[in-house]
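Single-structure report; data block below.
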Ligand code: SP5
Ligand code: ZN
């Protein structure tokens, strides 16, 4: 399988996040992608290729122009104020407040984010832009005939909505690739999100559309981040009614429950008959993941890949979460090896 990868992800290295009442080093760190790349090479998965730059237009198909302008320019505004620490939001337009766009940098940061988990550093825009190009380049390789491809994106993307960052995500790499398939002639694209966390950004982007089916298996938002989306009764709206499938699972879920949910998701995807499948590939479902509560073991990821392969669709894997850094490469590449059979 072809892997797309850019070293630019090293330009994004947030300092800390608030977790369990403490400021801890960011779990979403550069060594994550380094370990996955190393495993791709160790297992001789196939060619590793640098991305082509397709510019901003395909990103603007998903993200609003004002959000992109804010994100690209935020660090320079921060630096101009004489600051060099991570730029992090601390006030959001929650209930009883107004969704106005203030003038101040921090006011705007709150407007364009939904949590404090997406620090902007000097290199964050460049890293996220390159990750989007990695996804677009993998999509292009498939448009050119590849049956599958692996977009080794970092930072991840599935929590990012049209004009919101959060949950370690800035640009929604999977959504950008899905829209590229559609813009090049696909009639229907399915996104299967196997990250431990609900892909609230991806769901929101396609919620009222029938040309993208979103199916997600994740920790039940009643107990898990992102808490405010990802419930089973969210089935789509308007023309998109019936094209959103959430399969929330209890804390402690292992392969028996997870594999059964995957079977349901795959049956829905097969019935949808998509022209292409995108897998939002998070491996934070692993039993040793430091911030998650599922119990998948490394061999389970082989089975995951095998079941996805049985759909028989052109399949683009897009890297999302996974924070057990020592095992992230084994688990992510196991999915790809299971897929290849
Ligand atoms: C892409 C992705 O996987 N983003 C995940 C963002 C999760 N941020 C919130 C983490 C909260 C973890 N709380 C569990 C405490 C463990 N002791
Ligand atoms: Zn996750």
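Check 52, 3 and return the single one that is in contact with a helix residue (DSSP H, G or I) (Cβ under 8 Å, 6 or more places away or on another chain), exposed (fewer than 14 other Cβ atoms within 10 Å of the Cβ) and modelled with pLDDT of 95 or more.
52
Scan region 158-201 residue by residue and report those that are part of a loop (DSSP other than H, G, I, E, B), closer than 24 Å to residue 53 by Cβ and within 15 Å of ligand 1 (Cβ to nearest atom).
First, pick out the residues of region 158-201 that are part of a loop (DSSP other than H, G, I, E, B): 158-160, 162-163, 167-168, 170-172, 184-188, 194-199.
With closer than 24 Å to residue 53 by Cβ added as a condition, the list becomes 158, 160, 162-163, 168, 170-172, 184-186.
Result: 158, 160, 168, 170, 171, 172.
Condition check ((1) touching a helix residue (DSSP H, G or I) at 6+ places or on another chain (Cβ under 6 Å); (2) within 16 Å of ligand 2 (Cβ to nearest atom)) across all residues:
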{"site": "295", "(1), (2)": "no, yes"}
{"site": "298", "(1), (2)": "yes, no"}
{"site": "313", "(1), (2)": "no, no"}
{"site": "319", "(1), (2)": "no, yes"}
{"site": "327", "(1), (2)": "no, yes"}
{"site": "334", "(1), (2)": "yes, no"}
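Residues that are surrounded by fewer than 24 Cβ atoms within 10 Å (Cβ to Cβ) and either more than 9 Å from residue 284 (Cβ to Cβ) or at pLDDT below 95 (or both) within region 317-333 comprise 325, 326, 327, 329, 330, listed in sequence order. The residues of region 55-91 that are surrounded by fewer than 17 Cβ atoms within 10 Å (Cβ to Cβ) and in a loop (DSSP other than H, G, I, E, B), listed by number, are 55, 56, 61, 64, 81, 82, 83, 84, 85, 90, 91.
Among the candidates 204, 130, 148, single out the residue that is in contact with a strand residue (DSSP E or B) (Cβ under 7 Å, 6 or more places away or on another chain) and closer than 22 Å to residue 336 by Cβ. If you could, list the steps in order and put the result at the bottom.
Working: 204 fails: closer than 22 Å to residue 336 by Cβ; 130 fails: in contact with a strand residue (DSSP E or B) (Cβ under 7 Å, 6 or more places away or on another chain).
Step by step, each of 204, 130, 148 is checked, and only 148 is in contact with a strand residue (DSSP E or B) (Cβ under 7 Å, 6 or more places away or on another chain) and closer than 22 Å to residue 336 by Cβ.
Restricting attention to region 9-31, the residues that are within 19 Å of residue 328 (Cβ to Cβ), surrounded by 14 or more Cβ atoms within 10 Å (Cβ to Cβ) and more than 15 Å from ligand 1 (Cβ to nearest atom) total 2.
For the condition surrounded by fewer than 18 Cβ atoms within 10 Å (Cβ to Cβ) and assigned to a loop (DSSP other than H, G, I, E, B), what is the one hit in 99, 107? Reasoning before the result, please.
Working: 107 fails: assigned to a loop (DSSP other than H, G, I, E, B).
Of 99, 107, the one residue that is surrounded by fewer than 18 Cβ atoms within 10 Å (Cβ to Cβ) and assigned to a loop (DSSP other than H, G, I, E, B) is 99.
Among the conditions (1) touching a strand residue (DSSP E or B) at 6+ places or on another chain (Cβ under 6 Å); (2) within 16 Å of ligand 2 (Cβ to nearest atom); (3) within 19 Å of residue 75 (Cβ to Cβ), residue 113 misses just one, which is (2).
The values are calculated or read from the model by the stated rules, or taken from the named source; none is laboratory data. Here the structure is a predicted model, which is why all the values come from computation and not from measurement. Every residue, glycine among them, receives a Cβ derived from its backbone with ideal geometry; neighbour counts consider all protein chains shown.
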